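Heads up, the thing below is written out as structure tokens.
Bear in mind that the values in this text are calculations on the coordinates, not laboratory data. Since this is a predicted model, take the numbers as computed values, not measurements. Here the Cβ positions follow ideal geometry from the backbone for every residue, glycine too, while neighbour counts run over all protein chains shown.
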């Protein structure tokens, strides 16, 4: 695989855990982006964990070597369209994942996740590692 990918939280957790499948795929990827939403989910997990100081430090170190993508007005437009379509179909997905999908659509990135609900979104490139 090559190209540009946007990592979901479960893939970053796999990276932190040293998951061989994630590590192998990342080594074959040209450009890796982390949505700011994923960082929020990671921090939430870190703060509620038994080893919060250690986990917060790990995230801070990860950010230093990562390209972080933030939401803007264009992202919000994609979000609104995605959410409307999902609601019309009666196929809701978690709010944070709608934002992640909106960033991916806006920047023409492939979402890498183990969550199957991303497949509910039209015109979204996805991969499961």
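For the chain, what is the convex hull (Cα atoms) projected area averaged across all directions, in square nanometres?
Numbers: hull surface 31.4 nm².
Computing the convex hull of the Cα atoms and averaging its projections yields 7.8 nm².
To the nearest ten degrees, helix 36-47 and the longest principal axis of the Cα atoms of the chain are 50 degrees apart. Compared with the dominant principal axis of the Cα atoms in the chain, helix 52-64 is inclined by about 70°.
Choose one answer from 38, 22, 111: the residue with the largest mean-square fluctuation in a GNM of the chain with alpha-carbon springs under 10 Å. Maximum among the listed residues: 22.
Considering only Cα atoms, the convex hull volume of segment 56-116 works out to 108 Å³ per residue. Helix-only arithmetic for the chain: the sum of -39500 (n - 2.57) across DSSP H runs with n ≥ 4, divided by the residue total, places the mean residue ellipticity at 222 nm at -16500 deg cm²/dmol.
Quote to one decimal, in nm, the extra length available between residue 52 and residue 95 on full extension: 0.36 nm per residue of separation minus the C-alpha distance between them. Before the final figure, lay out the partial values.
Working: separation 43, 0.36 × 43 = 15.48 nm, distance 2.47 nm.
Full extension from residue 52 to residue 95 adds 13.0 nm.
Here the extension length gained between residue 44 and residue 120 equals 24.8 nm, from 0.36 nm per residue of separation less the Cα-Cα distance. If one takes the longest principal axis of the Cα atoms in the chain, at what angle in degrees, from 0 to 90 and to the nearest 10, does the Cα axis of helix 95-106 lie? With both axes taken from Cα atoms, the answer is about 80 degrees.
By count of other Cβ within 10 Å, fewest leading, how are 12, 5, 56 ordered?
56, 12, 5
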